[in-house]
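See structure below.
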Amino acid sequence: MRALITGATSGIGKSFAKRLHKRGWELVLTGRNETVLLDMQRKLGNNTMIIPADLSDKDEVFKVYKFCKDKDIDLLVNNAGYGIFGKFDETDLRDEIDMINVNITAMHILAKLFLRDFKKHNRGIIINVASTAGFLAGPLLSSYYASKNYVIRLSLAIAEELRRDRSNVSVTVLCPGPVDTNFNNRAGVNFSVKPISPDYAAEFALRKAFAGQVIAIPKLSMKASIFVNKFLPYRLSTAIVYNIQKAKKKDPSAKAVTE
């Protein structure tokens with residue numbers, strides 16, 4: 001069994017690699033940091049292949065797929081992603097487009113191409129890493145929240161298509177709340193609640209994916225907040241999120257752009 005993991009050099013992606021390695025899986029790891037990838041390859045052994053790539057570039061995304069085309073991939077973990085904090089009119093457009101390309105375009109391309117391959121063999125699993133943010137609108141992290149909405153809705157639609165096809169291929173979308181990774185440092189904010197560990201998030205996602213469950217939300221408190229939000233007027237919901245995000249800003253005088 002072999003898995004491709006994007007965004008494998010840190011956070012949840014790195015934890016996915018460790019957890020799958022312990023289960024005896026062979027790995028293909030991709031990320032921008034070749035030094036870290038080489039170190040992971042050395043630690044995880046000969047059954048680990050690496051391909052450095054910047055997934056904000058569509059050509060690089062197709063390069064990753066081409067590299068994996070003959071590797072008999074059984075599991076795709078679409079994990080790469082990040083956020084940019086700030087008011088929508090103040091964040092840098094180029095940085096934001098790069099984020100959308102990583103969070104949405106790369107995920108979309110890899111999901112589509114590998115899904116076609118998986119369906120031909122009537123086996124395979126896709127794990128798309130989203131966030132509980134994907135159930136909300138997110139002032140001050142607007143594009144990030146919107147990108148994770150896309151990940152969730154696309155995953156749910158694909159899952160229903162597969163169900164109606166009676167396919168053995170499955171899709172699981174991981175929707176954690178705060179996770180103790182470098183995400184908040186990159187986005188320029190602090191955690192407002194206690195985060196879970198990336199190891200816990202990855203293990204939870206794998207257990208749900210191997211059980212064929214579509215939505216994986218690790219904490220009961222996150223499930224409860226999503227449920228309650230369904231009954232809130234959108235203005236109240238977005239106002240609450242705005243205040244939460246504003247309180248997380250590390251330095252009020254800092255620039256909004258953080259990538």
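See the values below:
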{"item": "Placed amide H near LYS219: partners under 5 Å, 5+ positions off or other chain", "result": "GLY177"}
{"item": "Label-point separation, ARG163 to THR35 (7 Å along Cα→Cβ), nm", "result": "4.7 nm"}
{"item": "Set LYS18/LYS248; LYS22/LYS208; LYS43/LYS71 screened for pairs whose C-alpha atoms are more than 26 Å apart", "result": "LYS18/LYS248"}
{"item": "VAL241, VAL61, VAL214 arranged by Cβ crowding within 10 Å, fewest neighbours leading", "result": "VAL214, VAL241, VAL61"}
{"item": "Long-range amide H partners of ASP57 with built H, under 5 Å", "result": "none"}
{"item": "Helical mean residue ellipticity (222 nm; -39500 (n - 2.57) per DSSP H run of 4+; nearest 500) of the chain", "result": "-15000 deg cm²/dmol"}
{"item": "Long pairs among LYS14/LYS223; LYS58/LYS112; LYS112/LYS219; LYS194/LYS246, criterion Cα-Cα beyond 21 Å", "result": "LYS14/LYS223; LYS112/LYS219"}
{"item": "Nearest-0.05 FRET efficiency for LEU156 and PHE67, computed from C-beta distance (R0 30 Å)", "result": "0.55"}
{"item": "Residue with peak Gaussian network fluctuation, the chain [Cα springs, cutoff 10 Å], from LEU141, LEU220, LEU110", "result": "LEU220"}
{"item": "Under Karplus coefficients 6.51, -1.76 and 1.60, residue-wise ³J(HN,Hα) of the stretch 9-17 in Hz, glycine/proline x", "result": "8, 7, x, 5, x, 5, 5, 4, 4"}
{"item": "Beta bridges per DSSP with both ends in the chain, % antiparallel, nearest 5", "result": "5 percent"}
{"item": "Residue order, fewest to most surrounding Cβ atoms within 10 angstrom, among VAL151, VAL228", "result": "VAL228, VAL151"}
{"item": "For the chain, fraction of C-alpha pairs farther apart than 28 Å, in %", "result": "31 percent"}
{"item": "Taking the stretch 1-46 and dividing mean pair separation by its residue count, relative contact order in percent (alpha carbons under 8 Å, at least six apart)", "result": "42 percent"}
{"item": "Ranked list, fewest to most other Cβ atoms within 10 Å of each Cβ, for LEU93, LEU174", "result": "LEU93, LEU174"}
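Quick note: the coordinates plus some simple rules give every number you see, no bench work behind them. What you are looking at is a predicted structure, and each value in this text was computed from that prediction instead of being measured. All Cβ positions, even for glycine, are placed from backbone atoms using ideal geometry, and neighbour counts span all protein chains on display.
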